[in-house]
Structure formats: structure tokens, C-alpha cells
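Remarks on the structure that follows.
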Amino acid sequence: MKRCFIFLLFFASAVLQAQTIKGVLTDSETGEAIPFANVVLDGTRYGNATDLNGFYLINKMPEGIYTLRVRFVGYKEYTEEVKIGKGQVLVKNIVLSAESKTLKAVTVSDSRIEERKIQTQVSVEKISSSQIQQMPSIGGTADLAQYLQVLPGINSTGDQGGQLYIRGGSMIQNLTLLDGMVVYNPFHSIGLYSIFETDMILSADVYSGGFGAEYGGRLSSVIDVTTRDGNRKHHTGKIGLNTFGANLLLEGPLKKEKANSPSTITYLLSAKNSYLSKTSDLFYPNIEGGLPFDFLDLYGKLTVNSGTGSKISFFGFNFDDSVANYQKLADYHWRNYGLGTNFMLVTGSSSILEGHVAYSNYSINMHDATNADKYSSIGGFNMGLDITNFVGSNRLKYGLSMEVYSTDYQNTNFYGIDLRQRENTNNLSAYLTYKIASGKWLVDPGVRFVYYASLSSPHLEPRVSAKYNATDNFRLKMAAGMYSQIFLDARSDNDIVNLFSGFLTGSGALNKPSTFLGNDVNSCVQKAQHVIFGAEYDFSNRLTGNAELYLKNFSFLLNSNRNKMFDAQDAAYGHGGAYEKPEYYLTDYIVERGMSYGADFSLCYDDDWLYVWATYSLGWVRRTDEVRTYPPHYDRRNTINLLTTLRLGETRQWELSARWSYGSGFPFTQTQGLYENITFGDGLFTDYTNVNGNYGVAYSELNAGRLPSYHRLDISGKRRFSIGKRSILDLNLSITNVYNRNNIFYFDRLTATRVDQLPFMWNAGMTFNF
């Protein structure tokens, strides 16, 4: 390890004397950083894209005179002649002005196509706030939760429950980050909303598989959300009000930039809440039982910016969600709060240092009419340090991270057996990646080392992604990697209202089977391997297509044992021995393996007046436990999404949007019959002739049935009014489920009652920017 760090230090010092141009891109109106802009030296192969902080760095070019060119969607093109001498480090901070005229489609497309040529971008969607706002504003506000549902490979269980499954991965296998902090539940119980306020999002990177060595701790996917800094030049805000809820955003400078002091201090505050439980009876009397969904999201951020690329931010949040007496079956509440800081330091001529430290806590409890109370909590610290060195068109990045957290889980299963776990867990990680650009090839190999300290278990996880620019219009790409995690899902497939999402951790004391399919079980670390192949094609400068084939092999999984029938005391008396595989009915957890595979296709047409997004996903998901192979409840064969936005008027003040979604039916376990379940609470002295038992359900084969298919059309319209120099008023009207499709949510087995997803619903609202 010592030799490795000496090599890295030597490597970094070798590029310190190289010719370098670096700086920060900012917006002329707000002073905010501009990410993902292309900065190139005309007529050469030297160039780079700005990062999330607007920082760019170009080096290793020969000394001489160049034309520096900057292009980005919505801004005027910037050019400047620069002269670079031998060993010189030229700092060039650039301010871009917004286009005053309607942006031409060729500018939009060229910028995005250029980015695809210099980034591998395998199984990743980079989403901005403006892209999210192209969605129909269902619920009065376009939201990241709604946008994620139209991405290829992502399945949603519907409008209620807030559950997304990404290319065969369960909820517990998805990593969500907010400014570097781990967020344990990013979606509200009404599936139209996430915890992220759309207007504060700078970027949301969604990796549906094959993610790089920078990320770890999850088997399937990553959602990495970065919030923007506050306005550096003006105090501004936004107020939103609609029939679903309200939101408020405030931002501005506490210290403005001056001629002799480029540093700034800014703030960003947001609040978002739902009052559906109080207004649904008035506005939506056609919905039986109302809409008992309430939430309150608070977020604050303070940023100190040096004006030269370095900065530090402090942030905190409190997200709260509750459902009261849903369909007279369940009460549900969760809360997530946290504090953190992150920083970026521009060091030397060709490197940057980034880091974060954060604490977050998540707790959830649920009570339903068919089971005992459920409770789960998880809390702890995560911290990391990252170093990036730029070497011409190549990039070396490496870092360290640590997580320390504790979990508490309490539940009682269908058989009346108590499930309890309290654990303290920590792990250490180190990673290294090296992006290589050579000719038509882009290769990004990496490796992550994880040490699960509480298990004394080390794991080495190689990763790689690559792209081949076959022609100016056609590109081939691939990604592969190994992944691990110790989190377990406490969710049961037999929950009537599947809102509960508890957290468990694998530990050496975990009550699990000693063997699985004839092999010894010696580990609590779950493992998966990904392989992805894809292609991109630009049909024109407005129409682009993407296709990917994927395979996720979940080689070792641990799940909560829904079939546990006997506790430890029963096991001591030999109960369970009459069964073919007794351990299957005695342990708290079971061992599984799984496979997810399929294909995702997408087409995007982007003009200044018309945006069209179309996706089709074909997928299979299978799990195998000790006694059977079955499809999990989120196995969906076919998914189609069509999204279109039409902008009209001289200044595009009119906007019409529509979204149609289709999904084939999810699996479910059919009911064979009902019976009286007598628990024999008094043992041999129970008078079974007089005692009243509970309803018992005899289930058929696990998930052998299929629910009806899901499809829905949503539309919205918006009219924008400019008021004065900086104020804008937006009026919007939206309709959910236009043709009132009866999409099933669940079926109450005991009362034979069907409960559907959201019916035809209208929503009217306004937002005022000032």
C-alpha cells in the first residue's frame, strides 16, 4: 500500500510542470456554476467537460496560441484566443450569458452528442432540473420520482407506495445519495413525489447497472443527486401552490463577489409539503377513503465559494412522511433527517481534492390490521475523500471512504414468530479508476476494495467500462463489474399494504441456514456481477437512439424468512424436523440466488419546440431459494413509456405535455382458501372447541399468478407570464389517468376487496418566481 501511494504522488508530480488551462464556468445572471459544458481548444484533441462545480482543466497541450471555445445548451457560445507558455498554468474563469433568442436544435444536439463521444456513459442517465420540468406536472409539480419512472429499465409498483425497482434490483439494492450523504428512502408513500425539490437539483445521475468503482455498498443501482448552490448575485425565490400541496424556495448571497474579493457566501432553503389528507375529500370526492398522504420536506444549504474553484458547503434536511388509516388497513410513518458538509479544493496545476462527512438517521413504523406493529431504524456516519488528477485527455481518480451505522428492526411474521435484530456495522473502502482516451477508444478501468470490519471480511471488486466511437454517429459500449453489500430487506411479499421498508444488516451472528443447495454458507456478504453491452446511434442532429443488453447475476443473497414457523425454543424441542428441509422453517433469514436479464431501448427527439422521449424495456427476474425458483413481485416482462412536450408561442410561453405508460402485470401469490387459524395459546389445555381463531390464508405457489397490465395517460398544460425584469408566473392544469383506467394496487384477501391505483384526477396550480 505504501508503494502504491508513493507511485501516485510521483505520478501526480510528473504532470505539475505541464501546460495547463483551468477555471470555472458561471452563469452571468445568477453566478451559479455551469456543469457539463464542453470546453475545447479548437482544431485539437484537447478539451474537457466541466464538472458539477463548473470546474474544467485542460493540460498536456504543446505551448502556443489556441482558440478556447465553450458551448452549452441555452447559452451563447464563448470563444477567446489564449496563449500558453512552457510550464504555464493559465487560470481562465469564464462567464456565460443566456441565449436571448430561441435556441436552435442543432446547438442542443451537438452539445449532447459531443458529451457522448468523450464519456463512456454506460447504463447512466444524467438528469437536470430542466429535463424533469418537461414532464407533465402531475400533482402540480414535475418531480424526479415521476421522471425516473419513464427511464428504461426502471419499474414502479404504481402511484402509491413510492417503490422503484431498477433492472431486477430490489429497493434495498439501490444506493441513493444526496450531496454525498446516504439517503435511505428517497420516495414518498404517494408515488408522485420524491424528497428532492426539483428546482434545487443541479444533477441527478442514475446508474441502472455497471457503475464505476467510485460507488459501493449496493448490488444493483445508484441514484446520485447533487443540489446547486444558492444565487450569488440576487435574493430570489419561488412559491408554488396547488390542490395537492405547496412548496417554497429561497436563495441568495450573504456575501457578494467584489472586484478585490471574488469569494461569495450563499444560502439555499426549500420546503415542500402535501395536504392531500385535508383537501382530497373536497377536491376528489370520487376517491373512496380519500388520499391520506401527508409529507413535509425541509432542506437548507450554506456555501462558501472562493471564486477560484474551491468551496465548502454545509447542509441539513428533515423529511417526514405519514399515511393515516389507509383504506382502513394501515397506519404508516417514516422520518429521515441528517446533517453534512462537503468541500472541493483545487490543488496544484492538475488536481482537485474533494471530501464529505455526513450523518443521517431513518426510522419507520407501520401498523396494519393483519399483523403486529413493524419498526425499523438505521442511522450513522458516512465520509469520504477523493483525489482527481488530469493528464491530458486522461483522468486518474482515487479515494477512501468509511461508513459507520447501526440498525434496529422489530417485526412479527404471519406465523406469530418475533423477528428482532440490533446491529452496529462499519466498513472501509478504497478505490482507483483511470479513464483513458486513445483514438476512438474510451476505457475506464477501476477497482474497489471493501473491508466489512464487523465481519472481518475483505472484498476486491474490479470494474470496467469502455466505448468505441466507430463513426461520428455510431458508438459501441460495454461495462462489467463485481459488487457487494450487507444490507438486507425486511419487506415481506405477503404484506397487504407493501409500504414498509425496513433495514437489516448481515452479521456473523445472523440466524441463517448453514448450507444452501448442498454448499456451506460461511458469509453474510451478498454479491452480484453485472455485464452490459450497448450501442448509440445519432439518426440526425435531433434524433438519437440507445440500446443496451444487460445481465445481473445475484450470486448470493440473504432475505428475511417469511416462512419461519418455529422460534429457537421450538427448535430445541425438535420442531421443524418433520419437514423435508427443517432449517428453512427455523432460521430468521434464508439464502437465495437470482438472475436479472433483458434489453432496454430508447429514442429521443429534441427540438426547441418539440421534445419526444420513447422507451421500451424487456426483462426477466428470477430468485432461487432452498426449495423453489420463483419471480419476485417486481418481475415485469414489458414496459413502454412515451413522453412528449410541445412548446408554442413566440417566446415558448405555452407548454403542453403528455405521458403514456404501459407495464405488463406483476406476479402475485394466489389464494387457495381461507381457514380458521387456532394458535393454541394455552398449549395442551387450549379448548379448541370453544376458542375463536383468526382468519388463516392458504396460499398457492409463490408469485405464480399475474395481475392485470397497467397503463395510464397523463396530460398537463402550462402558461407562462413574465412580470417585470425577473418575476415569472406559471399557471398549470394537469389530469392524471385521463381515461380512468382501473389499475390494481392490491387485493384484500380477507374481505375480497380490490383496491385500485389513482383514478381520474385533476390538479390546478400556480408557481411564482421572484
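Among the residues of region 452-471, those that are open to solvent by less than 20 Å² (accessible area, probe 1.4 Å), within 30 Å of SER540 (Cα to Cα) and not basic (Lys, Arg) comprise SER465, ALA466.
For region 50-80, filtered to residues that are charged (D, E, K, R) and either loosely packed, with under 14 Cβ neighbours inside 10 Å or out of contact with any Asp or Glu (no Cβ under 7 Å at 6 or more places or on another chain) (or both), the residue that is farthest from LEU90 (Cα to Cα) is GLU77.
Return yes when TYR695 is among the aromatic types (Phe, Trp, Tyr) and over 25 Å from TYR550 (Cα atoms) and no when it is not.
The answer is yes for TYR695.
When every residue of region 190-198 is checked against the conditions, at least one turns out to be in contact with a helix residue (DSSP H, G or I) (Cβ under 9 Å, 6 or more places away or on another chain) and part of a helix (DSSP H, G or I). Figure legend. Inter-residue proximity from region 306-322: first residues on the phi > 0 side of the Ramachandran plot, second residues open to solvent by 40 Å² or more (accessible area, probe 1.4 Å) and not in a strand (DSSP E or B), beta-carbon distance below 6 Å, spacing 6+ or different chains. Indicated pairs: GLY307/PRO262.
What do you reckon, is SER484 over 16 Å from LEU504 (Cα atoms), at pLDDT 95 or above and either within 22 Å of the chain's Cα centre (by Cα) or β-branched (Val, Ile, Thr) (or both)? For SER484, the condition - over 16 Å from LEU504 (Cα atoms), at pLDDT 95 or above and either within 22 Å of the chain's Cα centre (by Cα) or β-branched (Val, Ile, Thr) (or both) - is not met.
Can you report the number of residues in region 324-345 which are modelled with pLDDT under 90 and assigned to a strand (DSSP E or B)?
Count: 8.
Filtering region 50-85 to residues that are under 15 Å from GLY23 (Cβ atoms), of a type in the set (Val, Ile, Thr) and assigned to a strand (DSSP E or B) leaves ILE58, VAL70, THR79, VAL82, ILE84.
Taken as a whole, the condition of being farther than 30 Å from VAL621 by Cα and either under 24 Å from the mean Cα position of the chain (by Cα) or free of Cβ contacts under 8 Å to residues at least 12 places away in the same chain (or both) does not apply to GLU676.
Does THR644 fit the bill of being under 21 Å from the mean Cα position of the chain (by Cα) and either surrounded by fewer than 21 Cβ atoms within 10 Å (Cβ to Cβ) or in a strand (DSSP E or B) (or both)? It is false that THR644 is under 21 Å from the mean Cα position of the chain (by Cα) and either surrounded by fewer than 21 Cβ atoms within 10 Å (Cβ to Cβ) or in a strand (DSSP E or B) (or both). In the set LEU177, LEU219, LEU192, only one residue is surrounded by fewer than 22 Cβ atoms within 10 Å (Cβ to Cβ) and of a type in the set (A, V, I, L, M, F, W, C); that residue is LEU177. Does at least one position in region 645-655 carry a residue that is basic (Lys, Arg), in contact with a strand residue (DSSP E or B) (Cβ under 6 Å, 6 or more places away or on another chain) and more than 25 Å from ASN286 (Cβ to Cβ)? For region 645-655, residues basic (Lys, Arg), in contact with a strand residue (DSSP E or B) (Cβ under 6 Å, 6 or more places away or on another chain) and more than 25 Å from ASN286 (Cβ to Cβ): present.
Let's see how each residue does on (1) at pLDDT below 90; (2) in a strand (DSSP E or B); (3) over 24 Å from ASP489 (Cα atoms):
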| position | (1), (2), (3) |
| --- | --- |
| ILE172 | yes, no, no |
| ASN185 | yes, no, no |
| GLY210 | no, no, no |
| ASP224 | no, yes, no |
| LEU254 | no, yes, yes |
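Determine whether THR198 is open to solvent by less than 10 Å² (accessible area, probe 1.4 Å) and either over 26 Å from TYR597 (Cβ atoms) or touching a strand residue (DSSP E or B) at 6+ places or on another chain (Cβ under 8 Å) (or both). For THR198, the condition - open to solvent by less than 10 Å² (accessible area, probe 1.4 Å) and either over 26 Å from TYR597 (Cβ atoms) or touching a strand residue (DSSP E or B) at 6+ places or on another chain (Cβ under 8 Å) (or both) - is met.
Taken together, ILE590, ILE532 contain a single residue that is part of a strand (DSSP E or B) and modelled with pLDDT under 90, which is ILE590.
The residues of region 292-318 that are over 30 Å from ILE94 (Cβ atoms), hydrophobic (A, V, I, L, M, F, W, C) and either surrounded by 22 or more Cβ atoms within 10 Å (Cβ to Cβ) or touching a Gly at 6+ places or on another chain (Cβ under 9 Å) (or both), listed by number, are PHE293, PHE295, LEU298, PHE317.
A single entry from PHE449, PHE474 fulfils the requirement of being aromatic (Phe, Trp, Tyr) and either in contact with a Gly (Cβ under 6 Å, 6 or more places away or on another chain) or farther than 30 Å from PHE539 by Cβ (or both): PHE449. Listed by position, the strands (runs of 3 or more DSSP E) inside region 652-757 whose residues that are under 30 Å from ILE239 (Cα atoms) and open to solvent by 50 Å² or more (accessible area, probe 1.4 Å) number at least 3 are 654-663, 710-723. With GLY392, GLY348 as the choices, which residue is at pLDDT below 90, open to solvent by 40 Å² or more (accessible area, probe 1.4 Å) and either in contact with a Pro (Cβ under 6 Å, 6 or more places away or on another chain) or closer than 30 Å to ASN48 by Cα (or both)? The conditions single out GLY348. Of all positions in region 226-235, none carries a residue that is within 30 Å of LEU557 (Cβ to Cβ) and in contact with a strand residue (DSSP E or B) (Cβ under 8 Å, 6 or more places away or on another chain).
Residue pairs whose Cβ atoms lie under 9 Å apart, separated by 6 or more positions or on different chains, with the first residue in region 638-649 and more than 14 Å from SER156 (Cβ to Cβ) and the second β-branched (Val, Ile, Thr) and buried (at least 17 other Cβ atoms within 10 Å of the Cβ), are LEU642/VAL150; LEU642/THR615; LEU643/VAL150; LEU643/THR615. For region 596-613, the set of residues classified as crowded, with 17+ Cβ neighbours inside 10 Å and either within 30 Å of LEU488 (Cβ to Cβ) or in contact with a Cys (Cβ under 9 Å, 6 or more places away or on another chain) (or both) consists of SER596, TYR597, GLY598, ASP600, TYR611, TRP613, listed by residue number.
Among residues of region 614-635 being modelled with pLDDT of 95 or more and open to solvent by less than 30 Å² (accessible area, probe 1.4 Å), the one that is nearest to GLU701 (Cα to Cα) is VAL621.
The values are calculated or read from the model by the stated rules, or taken from the named source; none is laboratory data. Worth saying up front: this structure is predicted, and the values here are computed from it rather than measured. Virtual Cβ from ideal backbone geometry, glycine too; neighbours counted across all protein chains shown. We work out accessible area using only protein heavy atoms, side chains counted, and drop any ligands, DNA or RNA first. Shrake-Rupley method; radii C 1.70, N 1.55, O 1.52, S 1.80 Å.
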